[in-house]
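Worksheet for the structure shown next.
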Amino acid sequence: MTTLLQKSPIHRTVLNNGIVVLVAENPAADIIAARIFVRAGSCHENQEQAGLAHLLSAVMTKGCDGLSSLEIAEKVESVGASLSADAATDYFLLSFKTVTSDFAEILTLAGQILRSPTFPEVQVELERRLALQDIRSQKEQPFTVAFEQMRQVMYQNHPYAMSVLGDETTTSRLTRADLVQYHQTYFRPDNLVISIAGRVTPTDAVALVTEVFGDWQVKTSAPPALNLPEIKVEPQIRLKPQQTQQSIVMLGYLGTSVSSSDYAPLKLLCTYLGNGLSSRLFVELREKRGLAYEVSAFYSTRLYPASFVVYMGTAPENTSIALEGLRTEVDLLSTTEVSPPALQAAKNKILGQYALGKQTNGQIAQIYGWYEILGLGIDFDTKFQELIAAVDGQDAIAAACKYLKQPYLSLVGQEAAINEAIA
């Protein structure tokens, strides 16, 4: 077992079987939060099994060796704890929160669930039906439809093209045997990061994790390597006629991964453009011109190239000028340097929101575990803030010129309005 003491308040230990344990001791409240990350997100699915990681997350807490779904729920609720599983693109997550005195008991339960889920057939069927309902209901949400068709044309046969939920075809085909196979392949100690924050010393936390997970043997074969296709940039237009009261106008650009030197400038440009009521898009297109019901931008933190998206919800008759307005604002980033005061305001906003996102034990456990599972290391907490602070106007304009030139376009709304917008 190796232990590293960082400059940060996080204590990092690697167990003999490869599990990384992160502990942030925080005695302020009598609560402990834990996040158990597994390198097993939707990126690890075959395309024809899209939705598998999500279904696994839904069924995983519904039975394990010796315990039924009801018994697991009773164990958690009888001590007022919370426990849930979730799947994202780049990882799988089991989360729980409990008072300090019950931490050992809930950690033991989490270990049983993670290591020996039973995937009861009746629960698999129930959760698959619920997932299909979610997929169908999303088809009625214009924003989700616009983003879905944007992703599919941008990412082609890369796993990021698909929703974590999968689609009706892939989810309908998933079986209990698929879940068992996926679990056996990816749920292994050397694929795990356990991040803990709360009223517990690093020594005690590591001892408890070792007790619950230390006998989990590493497989002789290495975890399967991800062999993902290259993402070709071929901007296209996608239209989806829908009888809605508003048009969704969405521009998408293929950005970069979190490990790229261009990540921080793009993150800052996204904040400047579309984060909050003082953002450029909100002020120019909603406040001054009254074009938008909603207008925003987002650029996710991903292991592989992430999409940089700006979008607006607008009245059907404004679809054309809304599209023109969005294009103009993004194009300006490549030709006109963001003023120093505006750039500084965006930095203050992003760093302020970042600081506010690390207040609770759950948030602390989440962010450090997330950085570790993405391969960035826990020092990325400090590095991210330094990278944002260091971006200057020239960095921003260079990133815009490199990534924000030719958009993919996704329009959802009344047929006449969206056809006219691209005429």
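Annotations for the structure displayed:
- Cross-linked pairs Lys232/Lys347; Lys97/Lys358; Lys347/Lys402: Cα-Cα separations exceed 24 Å for Lys232/Lys347.
- Remark: relative contact order (the chain) = 22 percent; criterion is Cα-Cα distance under 8 angstrom and separation of 6 or more residues.
- Charged-residue dipole, Cβ positions (Lys, Arg, Asp, Glu), the range 237-422 about Cα centre, Debye nearest 20: 140 debye
- In the elastic network of the chain, a GNM with C-alpha springs shorter than 10 Å, the most mobile of Pro229, Pro120, Pro202 is Pro229.
- C-alpha long axis of helix 103-115 to longest principal axis of the chain, angle in °: 70 degrees
- Between the amide H of Gly377 and those of Glu372, distances stay under 5 Å, these residues lying 5 or more places away or on another chain, with hydrogens modeled in the peptide plane.
- From phi via Karplus (6.51, -1.76, 1.60), per-residue ³J(HN,Hα) for the range 53-67 in Hz, x at Gly/Pro: 5, 5, 4, 4, 5, 6, 8, 4, 8, 9, x, 9, 3, x, 9
- Computed [θ] at 222 nm, deg cm²/dmol, the chain (DSSP H ≥ 4; -39,500 (n - 2.57); rounded to nearest 500): -13500 deg cm²/dmol
- Interchain or long-range residues, amide H under 5 Å from Val218's placed H: none
- For the range 380-395, putting each phi into the Karplus relation 6.51 cos²θ - 1.76 cosθ + 1.60 with θ = phi - 60° gives couplings of 5, 3, 6, 4, 4, 5, 5, 4, 5, 4, 7, 5, 10, x, 5, 4 Hz, in residue order, rounded to whole numbers and with x for Gly and Pro.
- Using a Gaussian network model of the chain in which every pair of alpha carbons under 10 angstrom is joined by a spring, one finds that among Ala389, Ala315, Ala207 the greatest mean-square fluctuation is at Ala207.
- Taking 18 Å as the straight-line reach from the Cα of Lys240, the lysines in range (excluding those fewer than 8 positions away in the same chain) are Lys139.
- Restricting the range 220-304 to trypsin sites (Lys or Arg not before Pro) in coil, as DSSP defines it, with at most 13 other Cβ within 10 Å: Lys232, Lys288, Arg289
- Relative contact order of the range 2-213, defined on C-alpha pairs under 8 angstrom at six or more residues apart (%): 37 percent
- Mean-position separation - Cα centroids, the range 117-152 and the range 217-284, in angstrom: 21 Å
- For Ser307, the residues whose amide H sits under 5 Å from its own are Gly255, Ser300, ignoring neighbours fewer than 5 places away on the same chain, with H placed 1.01 Å from N.
- Extreme residue, positive dipole direction of the chain, given options Leu356, Ala292, Trp370 (C-beta unit charges): Ala292
Where a number appears in this text, it was derived from the coordinates with a stated rule and is not lab data. Keep in mind it's a predicted model, so treat the numbers as computed, not measured. All Cβ positions, even for glycine, are placed from backbone atoms using ideal geometry, and neighbour counts span all protein chains on display.
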